[in-house]
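This report concerns only the one structure given below.
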Amino acid sequence: MRGLGDLYLQQLKTGLATMLQYRGSLVIWLIGNVLEPLIYLVVWSTVSRSTGGTVGGYGARDFAAYYIVLMLVNQVTFSWVMYEFDYRIREGTFSADLLHPLHPIHADIAENLSSKAVSLPFMIAAAAGLSVVFHPVFRLSPLAAAAFVPALVLAFLVRFLVDWTVALAAFWTTRVSAINQIHYMAVLFFSGQIAPLAVLPRPLQVAANILPFRWTVGFPVELLLGRVTGPRILAGFAVQGAWLLAGALLVRYVWRASVKRYSAVGA
Amino acid sequence: MGRFHEDSRYTGNVGAEPVIRVRDLKKTYVTSEREPGLRAALASLVRRRKSYVQAVDGISFDLEAGEMVGFLGPNGAGKTTTLKMLSGLLHPTSGEIAVLSFVPARRERAFLRQITLVMGQRNQLVWDIPAADTFELNRAIYRIPAADYRRTLDELVALLEIGPLLGKPVRNLSLGERMKCEIAASLLHRPTVVFLDEPTIGLDVTMQRRIRAFIAEYNRRHGATVLLTSHYMADVEALAKRVLVIHHGRLLFDGELAALVERFTAHKTIAVRLRDCAADLGAYGEVVSCEDGLTTLRVPKAETARVTSRILADLPVIDLTVEDPPIEDVIEQVFTRGAA
């Protein structure tokens with residue numbers, strides 16, 4: 001474990017050094033991360049105002065709170081490993097990683113965390129700015145705040161494992177961008193990004209409860225905003241736990257099969 | 001433990017298992033191919049034609065501990081495929097490999113810790129940060145104890161003369177400087193088996209020589225087993241007494257470089273310096289060139305002694321030398337004969 005800790009620390013340093021080499025593109029990328037939830041925020045606030053108050057139990061200022069928290073949660077949990085993998089396989093840089101006596105997911109997690117460490121202060125500042133403009137209503141309870149942290153950690157882990165498994169598609173096909181696009185759309189709909197899940201039709205809500213995506217973004221957001229309460233909090237943690245286990249097993253088996261295939265067709 | 005000192009485990013273990021053991025190794029790549037053009041593209045949606053490429057076709061060899069062996073062959077001969085199978089990146093289609101008694105394709109951590117594969121055209125250094133940072137990362141990945149790391153790094157920095165380069169972002173290094181740093185990064189964990197795939201490709205002569213000297217020194221100091229491919233015969237001549245020659249996936253020769261030259265050269269070169277080029281030496285052998293009084297003749301090996309004494313007796317010779325043809329010519333001979 002100490003060895004792994006050392007690795008994470010080193011990878012973190014490397015990640016930071018790399019990120020800081022590209023300050024310009026970092027800023028552009030962060031602006032994009034703010035703009036996307038901002039668009040949904042504006043759209044849904046306008047809709048709720050024009051329908052005379054609320055949509056699915058959300059008023060304009062509730063939408064503001066929802067999307068400001070979602071922006072931060074999404075920033076913490078999202079990853080870009082599928083785009084990295086595509087590059088690694090096409091360029092053949094993966095071979096060097098395969099020669100290391102270590103599962104490559106560790107390096108990816110550590111790299112992800114290091115970039116979050118750089119970007120999060122910026123995003124928090126952006127959230128503060130948006131709060132001034134859009135006047136969100138937060139109804140924070142100590143219980144919700146306490147449950148939020150483990151929910152966020154689980155959300156990160158589940159999302160990373162699922163993303164990593166999807167990324168492994170790069171071993172099997174050269175048309176990864178199509179798969180990435182489908183995955184991106186699924187995340188958009190079922191995680192609660194395009195709209196809070198309460199606003200969606202019932203069948204979609206049922207699907208969202210089964211699929212992993214809600215548990216990687218929407219659940220922690222709703223939890224913090226007090227929209228998930230009582231036994232549903234525990235149920236949410238149970239589903240997150242189940243997906244964590246499923247994700248870990250998926251990574252384990254799909255990874256093995258992928259490496260086998262990679263080394264059969266030519267590394 | 002003596003892992004980081006003059007390594008005693010790999011000296012004098014006569015009769016022990018070879019470090020690398022390869023038996024009847026084969027690798028077939030399956031690719032789907034199609035004709036160019038739109039119609040063919042559409043047809044390929046329905047039916048894909050598969051083609052099979054026999055990259056390695058039944059090779060066998062052993063490498064003993066501490067041996068340094070050159071792996072020769074033209075492009076596409078199967079050298080890189082073989083190195084990738086030996087280092088566990090590729091699964092063999094059939095045959096057996098044991099490296100340090102491990103099956104490489106299983107990629108066990110204990111195996112990966114003891115080997116390295118340096119590829120001249122691929123890199124592991126992180127492009128945007130100084131090499132020193134990648135070194136630190138490798139220290140963590142291989143869990144190298146701090147003291148060992150320090151000692152190894154100091155040694156590599158001194159031998160490769162990369163001290164001043166360590167703090168510069170890798171993208172600002174020249175090709176040769178980068179290659180030296182790549183090699184250092186690959187050796188920090190002190191592998192006992194080193195696979196080098198074209199380590200000097202694209203480098204200038206001075207840099208080639210320096211890297212060559214380093215490899216020889218690493219092998220001498222640590223008793224590492226080294227298998228090296230190169231396009232540059234000078235690399236192989238300088239480093240390897242023994243060579244494996246591979247062509248179309250088959251092993252054409254396995255033995256001492258000197259024996260290869262002996263076996264595959266039917267001719268010798270006689271260079272004769274006369275006062276002028278006027279004399280026609282065509283009667284003594286095939287004239288390869290004649291410049292400024294220096295005539296180069298190619299004669300059958302068996303005839304060399306007789307022809308030499310005749311020239312000395314018949315002509316006003318200033319100087320005369322007998323040489324083996326350049327090693328490149330020998331290798332070319334091997335390939336043309338092997339292909340025939």
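The values are calculated or read from the model by the stated rules, or taken from the named source; none is laboratory data. Just so it is clear, the model here is predicted, and its values are computed rather than measured. All Cβ positions, even for glycine, are placed from backbone atoms using ideal geometry, and neighbour counts span all protein chains on display. Accessible surface areas use protein heavy atoms only, side chains included; no ligands, DNA or RNA. Shrake-Rupley method; radii C 1.70, N 1.55, O 1.52, S 1.80 Å.
At a temperature of 25 °C and a viscosity of 0.890 mPa s, determine how fast segment B:153-265 diffuses translationally according to Stokes-Einstein, using the Kirkwood radius over alpha-carbon pairs as Rh; express D in µm²/s, rounded to the nearest whole number.
The estimated diffusion coefficient comes to 160 µm²/s.
For all pairs of alpha-carbon atoms in chain A, what percent lies in each bin of width 5 Å, listed from the first bin to the last filled one?
The calculated distribution, bin by bin, is 1, 6, 11, 15, 18, 16, 14, 9, 5, 3, 1, 0, 0.
Largest first and to the nearest Å, give the Cα extent of segment B:59-142 along each principal axis.
Here the spans come out as 41, 31, 27 Å, largest first.
Where does segment B:267-323 land on Rg(C-alpha)/(2.2 N^0.38 Å)?
Normalised Cα radius of gyration, segment B:267-323: 0.97.
What does the charge count around A:Val254 come to, taking other residues whose C-beta lies under 14 Å from its C-beta (Lys +1, Arg +1, Asp -1, Glu -1)?
Net local charge, A:Val254 excluded: +3.
Return one whole number: the accessible area per residue of segment B:155-280 in Å², for a 1.4 Å probe.
On a per-residue basis, 39 Å².
State the three equivalent ellipsoid semi-axes of segment A:192-254, derived from the C-alpha gyration tensor as the square roots of 5 times its eigenvalues, in descending order and whole Å.
22, 14, 10
What does the convex hull of the Cα atoms come to per residue for chain B, in Å³?
Measuring per residue, one finds 219 Å³ for the Cα hull of chain B.
For labels at A:Leu9 and B:Val322 in the simple 7 Å Cα→Cβ model, what's the distance in nm?
6.9
Which lysines, on any chain, are close to B:Lys27 with Cα under 28 Å apart, when same-chain ones fewer than 8 places away are left out?
Counting by Cα, and skipping residues close in sequence, B:Lys27 has these lysines nearby: A:Lys260, B:Lys50, B:Lys79, B:Lys84, B:Lys241.
Put +1 on the Cβ of each Lys and Arg and -1 on the Cβ of each Asp and Glu in segment B:19-176; which of B:Met85, B:Ile141, B:Leu175 then has its Cα farthest toward the positive end of the dipole?
Farthest towards the positive pole: B:Met85.
Assuming a viscosity of 1.567 mPa s and a temperature of 4 °C, what translational diffusion coefficient in µm² per second does Stokes-Einstein assign to segment B:94-236, Rh being the Kirkwood radius over Cα pairs?
D, rounded to a whole number, is 83 µm²/s.
For B:His247, B:His189, what's the largest-to-smallest order of accessible area, 1.4 Å probe?
Per-residue accessible area, sorted high to low, gives B:His247, B:His189.
Based on Cβ point charges of +1 for Lys and Arg and -1 for Asp and Glu, what charge dipole magnitude is obtained for chain A about its Cα centre, in debye rounded to the nearest 20?
The calculation lands at about 360 debye.
In the protein assembly as shown, carbon and sulfur make up what percent of the accessible area (probe 1.4 Å)?
Carbon-and-sulfur percentage of accessible area, whole number: 59.
Can you find, among B:Thr28, B:Ile162, B:Ala98, the residue farthest towards the positive end of the dipole of segment B:3-262? Put +1 on the C-beta of Lys and Arg, -1 on that of Asp and Glu.
Towards the positive end, the residue furthest out is B:Thr28.
Given the convex hull over the Cα atoms of segment A:54-150, what projected area results after averaging over all orientations, in nm²?
Taking a quarter of the hull surface, the average projection is 9.1 nm².
Dividing the convex hull volume of the alpha carbon atoms of segment B:128-210 by its residue count, what do you get in Å³ per residue?
Looking at segment B:128-210, the number lands at 99 Å³ per residue.
Any idea what the dipole of segment B:78-197 comes to, in debye rounded to 20, about its Cα centre with Lys/Arg Cβ at +1 and Asp/Glu Cβ at -1?
With Lys and Arg at +1 and Asp and Glu at -1, about 260 debye.
Nearest 100 Å² is fine: what is the total accessible surface buried where chains B and A meet, probe 1.4 Å?
Buried area between the two chains comes out at roughly 2600 Å².
Please name which of A:Ala170, A:Asn74, A:Gly56 has its Cα lying farthest along the dipole of chain A towards the positive end, using unit charges on Cβ (Lys, Arg +1; Asp, Glu -1) and the Cα centre as origin.
Final value for the positive-end residue is A:Gly56.
If you restrict to DSSP beta bridges whose two residues both lie in segment B:3-262, what percentage is antiparallel, to the nearest 5?
60
How many Å³ per residue does the convex hull of the Cα positions in the protein assembly as shown occupy?
223
Quick one: compute a quarter of the convex hull surface over the Cα atoms of segment A:168-226 and quote it in nm².
The Cα convex hull of segment A:168-226, projected and averaged over all directions, gives 4.6 nm².
Given labels modelled 7 Å from the Cα in the Cβ direction, how far is it in nm from B:Glu291 to B:Ala313?
3.2
In whole Hz and in residue order, list the ³J(HN,Hα) couplings for segment A:60-74 that follow from phi through the Karplus curve 6.51 cos²θ - 1.76 cosθ + 1.60, θ = phi - 60°; x for Gly and Pro.
For segment A:60-74, the Karplus-derived couplings read 4, 6, 5, 4, 4, 4, 4, 6, 5, 5, 4, 4, 6, 4, 4 Hz, x marking Gly and Pro.
Need one value: the accessible area of A:Leu20 in square angstrom, 1.4 angstrom probe, rounded to the nearest 10.
90
Could you size up the charge dipole of segment B:260-327 around its Cα centre, putting +1 on the beta carbon of Lys and Arg and -1 on that of Asp and Glu, and report it in debye to the nearest 20?
260
Report the gain in length on full extension from A:Ser131 to A:Arg49: 0.36 nm times residue separation, minus Cα-Cα distance, nm rounded to one decimal.
27.7 nm
How high is the FRET efficiency from A:Leu30 to B:Glu256, r the C-beta distance, R0 60 Å, rounded to 0.05?
Calculated value: 0.45.
Among DSSP beta bridges lying fully in the protein assembly as shown, give the percent that are antiparallel, nearest 5.
Roughly 70 percent of the beta bridges in the protein assembly as shown run antiparallel, per DSSP.
Using only the heavy atoms of the protein chains and a 1.4 Å probe, how would A:Tyr83, B:Tyr52, A:Tyr40 rank by accessible area, largest first?
Largest to smallest exposure gives the sequence B:Tyr52, A:Tyr83, A:Tyr40.
Would you give the gap between the C-alpha center of segment A:70-89 and the C-alpha center of segment A:220-267, rounded to a whole Å?
With segment A:70-89 and segment A:220-267 each reduced to a Cα centre, they are spaced 15 Å.
Across the residues of A:90-103, average count of Cβ atoms on other protein chains within 10 Å?
What the average comes to for A:90-103 is 6.
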